[in-house]
Amino acid sequence: MLMRLCGNLEEAFGPERASIWDNSVDIIRFLADGRIAMTENTRSKPTRRDLLRWSGLGLAIAPFASSVSWARGLNSSSGAYEGTDEELLDEIQRGAFQYFWNETDPRTGQIKDRAFLNGNDVRTMSSIAATGFGLTSLCIGDTRGYARTADITNRVRTTLRFVHNELQSEHGFYYHFVDMSTGQRWRKVELSSVDTSLLLCGVLTARQYFEDEEIKDLATKIYNRVDWPWMLNKGFAFSMGWRPESGFIKSRWDKYGEMMMIYLLGIGSPTNPVSPETWKAFSRPKVTYDGITYITGRDPLFTHQFSHAWFDFRNKEDAYTNYFENSILATKAHKQFCLSLKSKFGNCCDDLWGITASDSEKGYTAWGGPPKMGHIDGSVVPCATGGSVAFLYEDCMQVLRTIRGKYSQKAWGKYGFVDAFNPTTGWYDSDVLGIDLGITMVMIENYRTAFAWNTFMLNPEAQTGMLKAGFQYA
């Protein structure tokens, strides 16, 4: 049995975590107690894509403002949120900004994959995707005066210097997780095509936002050296990753999901492009739920959010669909799915819904629907609605107000909302995740000002990618 399990790790867990299970001791521990072993103060957990396959203010003032917001939440534990929508959105963004500012190595600019809700976290594993979201969040923080422009600019410059000069890479692609202080590969994780793309979206946003020649030069060099055809591995669809020990991962990005950014960045590359024909390389299956028909990969809600954080699909369509409208439909269907669980979990209602890949009481899991996936237990994941604010504002905002008002005592802290909580059982996560705070931060700003869309789409490569992929105004 153990040999069979070892032989199918990559198929079961895909690119993100198969390597973590290479040691048979880890496998035995998992079989024994249902969790992966602790390593260097960081519990190695399957990521969301693993589990899909398996089932104006100064810097000194900004933290003070955030802590005041946090304290106000602790004092409102049972009623409705009393502030305006704009006040709440600003509180959420300030908290997220503090995460990206504090949970970063100041020498490297690399941002932690996760941290405790209220800080004071000693874990050192960084996620390149979190760093990509963080770069965009630093741009947003500068526009909103969450810290001094000079300090933010210096942080971005430091980050790009490290990414270009020291961060381990191969053919321009980066390892999914790295040590935040050294940039060295974390255990045996893969070079990740999608996480590299998330990093690049942040890099290119910074290039357009900052009037700093070094930032512009470094960002251009980081993007231009990516060898996109190499990651195709002589196929039509992108591989999910590569490891020096075993080569390319067999799994490919051949089904609709969060990966549209990979194809558009590759098609738009001025140095190492892939053919526009690759846009046809992934299937776009349709499902119908409660009278709503839309394209989906039978995956959690985040797959309808991530590429939309930067690429502006509004009022545009390709040969297949209008992806922005498709994400609106996916969000509506997800809400209806959550409401259908009311008989099982009494907390599900118009004011409290939303499930996407996240922490759970039993560890990191990929859950959601429709159709139902994962062991849904009544937990609520704030980034499900936070990351969909730009798609279904009134409905999502109603949920965020409820969590902030009724559950603030345990579900809100220094960095905003906990990653997940269960009002049915009383479980509250102790952590926040960089990518979940990031998608919430960026999509809120897109709703408020369209900042990330407008800034990122100034990149001629992004425009070229969409044009060559066949996008036209609807």
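Looking at (1) of a type in the set (Lys, Arg); (2) out of contact with any helix residue (DSSP H, G or I) (no Cβ under 7 Å at 6 or more places or on another chain); (3) under 21 Å from Phe456 (Cβ atoms), find the lone condition where Lys216 falls short.
That leaves (2) as the condition not met.
Name every residue in the range 437-463 that is more than 18 Å from Leu392 (Cα to Cα), among the charged types (D, E, K, R) and open to solvent by less than 10 Å² (accessible area, probe 1.4 Å), in order of residue number.
Scanning the range 437-463 gives no hits.
So that you can scan it fast, the table gives a plain yes or no per residue for (1) surrounded by fewer than 23 Cβ atoms within 10 Å (Cβ to Cβ); (2) modelled with pLDDT of 95 or more; (3) within 16 Å of the chain's Cα centre (by Cα):
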site	(1), (2), (3)
Arg49	no, no, yes
Ser78	yes, no, no
Arg107	yes, yes, no
Phe133	no, yes, yes
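Could you say which residue among Phe313, Phe337 is of a type in the set (Phe, Trp, Tyr), modelled with pLDDT of 95 or more and farther than 25 Å from Asn446 by Cα?
Phe337 is the lone residue from the list that is of a type in the set (Phe, Trp, Tyr), modelled with pLDDT of 95 or more and farther than 25 Å from Asn446 by Cα.
Among (1) among the β-branched types (Val, Ile, Thr); (2) surrounded by 20 or more Cβ atoms within 10 Å (Cβ to Cβ); (3) assigned to a loop (DSSP other than H, G, I, E, B), which single condition is Thr424 missing?
Just one mismatch for Thr424, condition (2).
The rows are residues; the columns are (1) of a type outside the set (D, E, K, R); (2) open to solvent by less than 10 Å² (accessible area, probe 1.4 Å); (3) part of a loop (DSSP other than H, G, I, E, B).
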{"site": "Thr288", "(1), (2), (3)": "yes, no, no"}
{"site": "Thr293", "(1), (2), (3)": "yes, no, no"}
{"site": "Asp299", "(1), (2), (3)": "no, no, yes"}
{"site": "His308", "(1), (2), (3)": "yes, yes, no"}
{"site": "Ala319", "(1), (2), (3)": "yes, no, yes"}
{"site": "Phe324", "(1), (2), (3)": "yes, no, no"}
{"site": "Leu329", "(1), (2), (3)": "yes, no, no"}
{"site": "Cys338", "(1), (2), (3)": "yes, yes, no"}
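Within the range 254-261, is there a residue that is open to solvent by less than 30 Å² (accessible area, probe 1.4 Å) and among the small types (Gly, Ala, Ser)?
Looking through the range 254-261, at least one residue is open to solvent by less than 30 Å² (accessible area, probe 1.4 Å) and among the small types (Gly, Ala, Ser).
The values are calculated or read from the model by the stated rules, or taken from the named source; none is laboratory data. All values derive from a computational prediction rather than experimental measurement. Glycine gets a Cβ as well: all are built from the backbone with ideal geometry, and neighbour counts include every protein chain shown. These accessible areas exclude ligands, DNA and RNA; they are computed on the full protein's heavy atoms, side chains included. Shrake-Rupley method; radii C 1.70, N 1.55, O 1.52, S 1.80 Å.
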